[in-house]
Amino acid sequence: MKKLIIVLGTLLLLIAVLGAAAAWYVKPAETLDLNYTPVPLEDRALDMARSLSTKLTLSEADVNNIGKAYIAANPQYGPNVTITGARFRFENGRVAGHYNLKVKNRVPVGIVVYYNVKWQDPNLIAEVDEAKLRSRTLPLKYFDDIVIPLGDSVPKPLRVQSASLTGNQLVITLKKPTLSELAQLLRRELGL
C-alpha cells in the first residue's frame, strides 16, 4: 500500500511538472495588444492621384495598424480562441503576424503565422504560408487567410490593380484612371 501511494504521488508530481512545462512553452514571448492608429488610406490615395502616381506605399507600421484594426473588429478567432494581441512585421518577403491568444479563456498562447500577400479584387489577401509555436511548425489547416477589403478604402473611381511586398513596404498599384475617371474624381474633390 505504501508503494502505491509513493507511485501515485510521483505520478501526480510528474503530471504537474509536465503541465507547468507545457504552459511555459506555449506562453507568449512578448506582451501584445490590439491598440492601433487608423491609417488614412482614402486621403493617401487622393494625394497619390493628385500627383498622378499609380503606386500607394504602406509601411510596416501602416500594415501593423491595418492588421490590428481588422482583428480588433472581431477578436474571436474560433469558439474557444480569442486574439488578445497582435503585431505585424515584414520578414523575408512575407508578413509575419505575431499573435497572443487566449484558449478557452484561460491558457495564454503565443504563435507566429507567416503570410504571402496577394491582390484578389476587391480584397487584399494575406495567404497563410507557415505557422509556428516557438520553433514547432503547426498544421496550416488550423489557420485562415486574412481577407481585408482594401478596395473599399480607395476612392471611387480608382481601382487597385495589384499588391506586392517590396523590401520594407507593401506597394499597392492602382489601375491607371481614364481621363473621364480623373475628371469625376476632381469634380468630387472640388465639390462640383
Excluding residues fewer than 8 positions from Lys102 in its own chain, the lysines with Cα under 24 Å of it are Lys27, Lys68, Lys132, Lys141
The residues Ile148, Ile66, sorted from fewest to most surrounding Cβ atoms within 10 Å, come out as Ile148, Ile66
Output for the range 133-192: trypsin sites (Lys or Arg not before Pro) sitting in coil per DSSP, at most 15 other Cβ within 10 Å, listed by number, reads Arg134, Arg159, Lys175
Taking Cα atoms only, helix 2-26 is inclined relative to the longest principal axis of the chain by an angle, in degrees rounded to 10, of 10 degrees
Rg/Rh over Cα atoms for the range 76-142, Kirkwood Rh, comes to 0.99
The Cα extents of the chain along the principal axes, largest first and rounded to whole Å, are 92, 29, 24
Computed over the chain: longest principal axis from alpha-carbon atoms vs helix 60-73 long axis, angle to nearest 10 degrees, is 70 degrees
Going from the fewest other Cβ atoms within 10 Å to the most, one would list Glu42, Glu127 as Glu42, Glu127
From DSSP H assignment alone, runs of 4+ in the chain each adding -39500 (n - 2.57), the sum over residues rounded to the nearest 500 puts [θ] at 222 nm at -10500 deg cm²/dmol
Cβ density ranking, 10 Å radius, fewest first, applied to Lys176, Lys68, Lys2 yields Lys2, Lys176, Lys68
Mean projected area (nm²) from the convex hull of Cα positions in the range 18-128 is 8.6 nm²
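Since every read-out is calculated from the coordinates, none of them should be taken as a lab result. What you see is a predicted model; the values in this text were computed from it and never measured. Here Cβ is always computed from backbone atoms with ideal geometry, including for glycine, and neighbour counts include all displayed protein chains.
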